[in-house]
Amino acid sequence: MEPRASPLLRTLLLDIFLPREEANGRDGSAHLSMGLDLYVVKGDEDFFGERMSSYLGFHEFRKTWARLLGFDLEDMQGFGGTRPWTTEPLQCFFDHSDCEGEIIWQDAEQILAQAREDAPKLPGFAWAFSVLIRACEAAVANKLPISFC
């Protein structure tokens, strides 16, 4: 069961997980001016490129997904905690920068399998899972990394 969000968090999630075309211009505003974009590119050829969420939204997504997988992200080193990364699933995703770097396509393959399994369990994060799954599919199909920008 998905954890219940506070009214403030629900309001924030509505703003930070809107698709780019809805968030940028629906009412003339630009809700997602800063955030995480995922890209799969080779030279001048784009295989995938889309806004995932704001940075806050991405953090909330990872925290909630980590909880589903059995660990508290904020207990981990690099997220304010002292617990070292040892056997936690998908460390390649959870212990990754939220604004730069790449995830290799082999890791994207593992992320893809888990994301497909868990997306129905966290319907409040359907948009984030959708973008992540499509980015992973493009990376695996083309044997290219996913770039975080």
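The values are calculated or read from the model by the stated rules, or taken from the named source; none is laboratory data. What you see is a predicted model, and the numbers here were worked out from it, not measured in a lab. Cβ atoms come from the backbone with ideal geometry, glycine included; neighbour counts cover every protein chain shown.
E88 passes every criterion in (1) under 15 Å from the mean Cα position of the chain (by Cα); (2) farther than 19 Å from L36 by Cβ apart from (1). Residues in the range 125-149 that are within 13 Å of the chain's Cα centre (by Cα) and either among the basic types (K, R) or over 13 Å from V41 (Cβ atoms) (or both): F125, A126, W127, A128, F129, S130, V131, L132, I133, R134, C136.
For (1) surrounded by 13 or more Cβ atoms within 10 Å (Cβ to Cβ); (2) not aliphatic (A, V, I, L, M), each residue gets a yes or a no:
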| residue | (1), (2) |
| --- | --- |
| G80 | no, yes |
| I104 | yes, no |
| Q114 | yes, yes |
| E117 | no, yes |
| L132 | yes, no |
| E137 | yes, yes |
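Scanning the range 31-63 for residues that are on the phi < 0 side of the Ramachandran plot and free of Cβ contacts under 8 Å to residues at least 12 places away in the same chain yields S33, D44, E45, D46, K63. Being farther than 15 Å from L36 by Cβ and at pLDDT 95 or above is the requirement here; does E102 meet it? Judged against the criteria, E102 is not a match.
Scanning the range 44-78 for residues that are loosely packed, with under 12 Cβ neighbours inside 10 Å and within 23 Å of A126 (Cβ to Cβ) yields one hit, G70.
Do you know which residues across the range 46-88 are acidic (D, E) and more than 21 Å from E109 (Cβ to Cβ)? Let's see the steps before the verdict.
The first filter runs over the range 46-88 and keeps only residues acidic (D, E), leaving 46, 50, 60, 72, 74-75, 88.
E60, D72, E74, D75 - these are the residues of the range 46-88 that are acidic (D, E) and more than 21 Å from E109 (Cβ to Cβ).
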